[in-house]
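The values are calculated or read from the model by the stated rules, or taken from the named source; none is laboratory data. Quick caveat, the model's predicted, so the values are computed rather than measured. Here the Cβ positions follow ideal geometry from the backbone for every residue, glycine too, while neighbour counts run over all protein chains shown.
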Amino acid sequence: MINLRCSAIVLTLVLAVATSALGKEPSAAGRIKVASGSAFIMRETKLIPAQIGQAVFEADGLRTGPNGRIGVTLMDDTRVSLGPSSEVRLARFVYAPGDGRLAVVLKIVRGVAAYVSGRIAKLSPDAVHLETPSSIVGVRGTSVAIRVEP
């Protein structure tokens, strides 16, 4: 009887740990600091209205309409701002300096985007890439503004 109870307790603990590991949400890459007009987060197939303080994750996109603006601060203090009628995708974001894993890849699809580098660019400049439909920009300074025409 005692063995059966111990087995049941062990099984319950194993299932609880496994469930929490499988259901673990990914860490936020950053947060929205500014949102006005028509501004959205594109997550998988959904358009989510952007709100100040809302989390942004790796693989999310940011989109603005003709009167929209959005600004995001990533966990390494990188700042990305979009003007009206713009779209950017956070294709990759890894900020684990203790493990030596650092990466920022932003795909500027259309419109105007401003980028101000954070700690990743200071620790590993080669880990930062800003991509447009026709080029890849390696960041060696602290800020850049990009316009992509449709």
Q | Where A16 falls short, out of the listed (1) among the hydrophobic types (A, V, I, L, M, F, W, C); (2) at pLDDT 90 or above; (3) out of contact with any strand residue (DSSP E or B) (no Cβ under 6 Å at 6 or more places or on another chain) | A | (2)
Q. Does segment 63-78 contain at least one residue that is farther than 19 Å from G30 by Cβ, among the acidic types (D, E) and without any contact (Cβ under 8 Å) to a residue 60 or more places away in the chain?
A. no
Q.
If I ask for residues that are of a type in the set (S, T, N, Q) and either closer than 22 Å to K46 by Cβ or within 16 Å of the chain's Cα centre (by Cα) (or both), which ones from segment 104-138 would you list?
A. S117
Q | Test: residue in segment 23-32 that is touching a Ser or Thr at 6+ places or on another chain (Cβ under 9 Å), within 21 Å of A114 (Cβ to Cβ), modelled with pLDDT of 95 or more and not β-branched (V, I, T) | A | yes
Q. Would segment 103-117 turn up any residue that is among the hydroxyl-bearing types (S, T, Y) and surrounded by 15 or more Cβ atoms within 10 Å (Cβ to Cβ)?
A. yes
**Q.** Residues located in segment 108-150, provided they are basic (K, R) and either part of a helix (DSSP H, G or I) or farther than 15 Å from T78 by Cα (or both)
**A.** R110, R119, K122, R147
**Q.** Evaluation of R101 against (1) under 17 Å from the mean Cα position of the chain (by Cα); (2) within 21 Å of G61 (Cβ to Cβ) (one fails), failing number
**A.** (2)
Q.
For a quick check of your reading of the model, give me the residue pairs whose first member lies in segment 102-129 and is without any contact (Cβ under 8 Å) to a residue 60 or more places away in the chain, whose second is assigned to a helix (DSSP H, G or I) and of a type in the set (V, I, T), with beta-carbon atoms closer than 9 Å and at least 6 apart or on different chains.
A. L102/I120; A103/I120; V104/I120; A127/I120; V128/I120
Q) Where in segment 28-102 are there strands (runs of 3 or more DSSP E), lying fully within it, with 1 or more residues that are of a type in the set (D, E, K, R), in contact with a Leu (Cβ under 8 Å, 6 or more places away or on another chain) and over 16 Å from A127 (Cα atoms)? A) 61-64, 69-74, 87-96
